[in-house]
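Below: one structure in structure tokens.
The values are calculated or read from the model by the stated rules, or taken from the named source; none is laboratory data. Not measured: the values here are computed from a predicted model. Virtual Cβ from ideal backbone geometry, glycine too; neighbours counted across all protein chains shown.
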Amino acid sequence: MTMTLARLYDNPRDAHRVVMDLEAAGIASRDISIVSNAKQPPDRDGDDVDDRAEGAVTGASIGATVGGAAGLLAGLGLLAIPGLGPVVAAGWLAATAAAAVAGGAAGGIIGALTQAGVSKSDAEIYAEGVRRGGTLVTARVPDGERARAEAIMDQSAVNIREREQAYRDSGWTGFDPSAKPYSAEEIRIEREIYRVRIMP
């Protein structure tokens with residue numbers, strides 16, 4: 001039996017590392033997906049500080065943080081998803097969400113996650129996390145591989161229950177696909193709230 005695991009990361013570098021570790025552990029690229037807010041402040045030097053504030057060259061994209069990575073990350077592309085705005089994405093979840101949007105189906109990323117077995121409430125938190133600048137990694141794994149995949153995916157992952165409570169404490173009541181996407185500045189402010197150190 002195959003199950004879908006999902007984790008949210010505040011830092012795209014952590015998510016990229018997890019994707020590469022999953023691939024190295026034998027999880028096929030076709031079973032992994034990554035969706036990241038395209039308005040993330042650039043951070044090419046990996047110090048968790050917006051490069052523009054350091055006087056670095058502007059225009060870095062989420063894909064630039066990957067360098068020469070092969071596998072799934074080599075196929076990152078730009079999509080527009082209602083409620084999230086532009087995202088950099090690759091893999092089965094991104095394809096499912098994009099197909100739903102192109103076909104006029106409601107749900108987008110939430111529909112794709114729930115179809116894969118993620119609860120609607122968790123899917124809304126993941127979608128809101130991406131909207132606020134996070135990166136979502138999902139993996140379809142055989143039940144016998146679950147523990148190993150979870151150990152990899154738990155590296156630097158957001159505690160989804162704590163994040164949900166923080167969102168609710170700020171007045172959030174659920175994901176709204178008609179909400180205006182966050183700006184790069186709003187994402188920068190959000191990242192300051194949930195600052196996560198980059199692992200060496």
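Ser121 - would you say it is in a loop (DSSP other than H, G, I, E, B), surrounded by fewer than 24 Cβ atoms within 10 Å (Cβ to Cβ) and either small (Gly, Ala, Ser) or touching a residue at least 12 places away in the same chain (Cβ under 8 Å) (or both)? Full working, then the answer.
On the way: in a loop (DSSP other than H, G, I, E, B): no; surrounded by fewer than 24 Cβ atoms within 10 Å (Cβ to Cβ): yes; either small (Gly, Ala, Ser) or touching a residue at least 12 places away in the same chain (Cβ under 8 Å) (or both): yes.
No; evaluated as a whole, the condition is false for this residue.
Moving on. Scan segment 78-94 residue by residue and report those that are part of a strand (DSSP E or B) and modelled with pLDDT of 80 or more.
Let us first name the residues in segment 78-94 that are part of a strand (DSSP E or B), namely 78-81, 85-91.
Result: Leu78, Pro86, Val87, Val88, Ala89, Ala90, Gly91.
If a residue must be closer than 14 Å to Gly129 by Cα and surrounded by fewer than 12 Cβ atoms within 10 Å (Cβ to Cβ), how many such residues does segment 166-179 contain?
Here is the first cut: in segment 166-179, the ones closer than 14 Å to Gly129 by Cα are 166-168, 170, 172-177, 179.
Right, trim to surrounded by fewer than 12 Cβ atoms within 10 Å (Cβ to Cβ) and you get 170, 173.
Result for segment 166-179: 2.
Let me ask another. If you take the residues of segment 124-134 that are at negative phi and not β-branched (Val, Ile, Thr), which of them is farthest from the chain's Cα centre (by Cα)? Reasoning before the result, please.
Kept after step one, since they are at negative phi, are these residues of segment 124-134: 124-132, 134.
From what is left, the residues that are not β-branched (Val, Ile, Thr) are 124, 126-129, 131-132, 134.
Details: Glu124: 13, Tyr126: 8, Ala127: 8, Glu128: 10, Gly129: 8, Arg131: 9, Arg132: 10, Gly134: 5 Å.
For segment 124-134, the residue satisfying everything is Glu124.
Pairs needed: first member in segment 173-191, of a type in the set (Phe, Trp, Tyr); second member anywhere, in a loop (DSSP other than H, G, I, E, B) and surrounded by 13 or more Cβ atoms within 10 Å (Cβ to Cβ); C-beta distance under 7 Å; at least 6 residues apart or different chains.
Phe175/Gly83; Tyr182/Lys39; Tyr182/Arg132; Tyr182/Gly133
Further, regarding this structure: Considering each of Gln165, Gln155 in turn, give the residue that is within 11 Å of Tyr9 (Cα to Cα) and either of a type outside the set (Lys, Arg) or touching a His at 6+ places or on another chain (Cβ under 9 Å) (or both).
On the way: Gln165 fails: within 11 Å of Tyr9 (Cα to Cα).
Checking each option against the conditions leaves just Gln155.
Would you mind finding the one in Gly71, Gly104 that is modelled with pLDDT under 70 and farther than 16 Å from Arg188 by Cβ? So that I can check it myself, show each step before the final result.
On the way: Gly71 fails: modelled with pLDDT under 70.
Checking each option against the conditions leaves just Gly104.
Would you confirm whether any residue within segment 141-162 is surrounded by 14 or more Cβ atoms within 10 Å (Cβ to Cβ), outside any helix (DSSP H, G or I) and either over 16 Å from the mean Cα position of the chain (by Cα) or among the charged types (D, E, K, R) (or both)? Can you show your working first?
At the first step, the residues of segment 141-162 found to be surrounded by 14 or more Cβ atoms within 10 Å (Cβ to Cβ) are 141, 145-146, 148-150, 152-153, 155-158, 160.
After this cut, where a residue has to be outside any helix (DSSP H, G or I) as well, the list is 141, 155-158.
Adding the requirement that they be either over 16 Å from the mean Cα position of the chain (by Cα) or among the charged types (D, E, K, R) (or both) leaves 141.
Yes, because at least one residue in segment 141-162 is surrounded by 14 or more Cβ atoms within 10 Å (Cβ to Cβ), outside any helix (DSSP H, G or I) and either over 16 Å from the mean Cα position of the chain (by Cα) or among the charged types (D, E, K, R) (or both).
Let me ask something else about it. Give the residues of segment 1-39 that are surrounded by fewer than 20 Cβ atoms within 10 Å (Cβ to Cβ), of a type in the set (S, T, N, Q) and part of a strand (DSSP E or B), sorted by residue number.
Within segment 1-39, Thr2, Thr4 meet the criteria.
Condition test on Val137, is it surrounded by 15 or more Cβ atoms within 10 Å (Cβ to Cβ), modelled with pLDDT of 85 or more and either within 14 Å of the chain's Cα centre (by Cα) or in a loop (DSSP other than H, G, I, E, B) (or both)?
Values: surrounded by 15 or more Cβ atoms within 10 Å (Cβ to Cβ): yes; modelled with pLDDT of 85 or more: yes; either within 14 Å of the chain's Cα centre (by Cα) or in a loop (DSSP other than H, G, I, E, B) (or both): yes.
When the stated conditions are applied, Val137 passes them.
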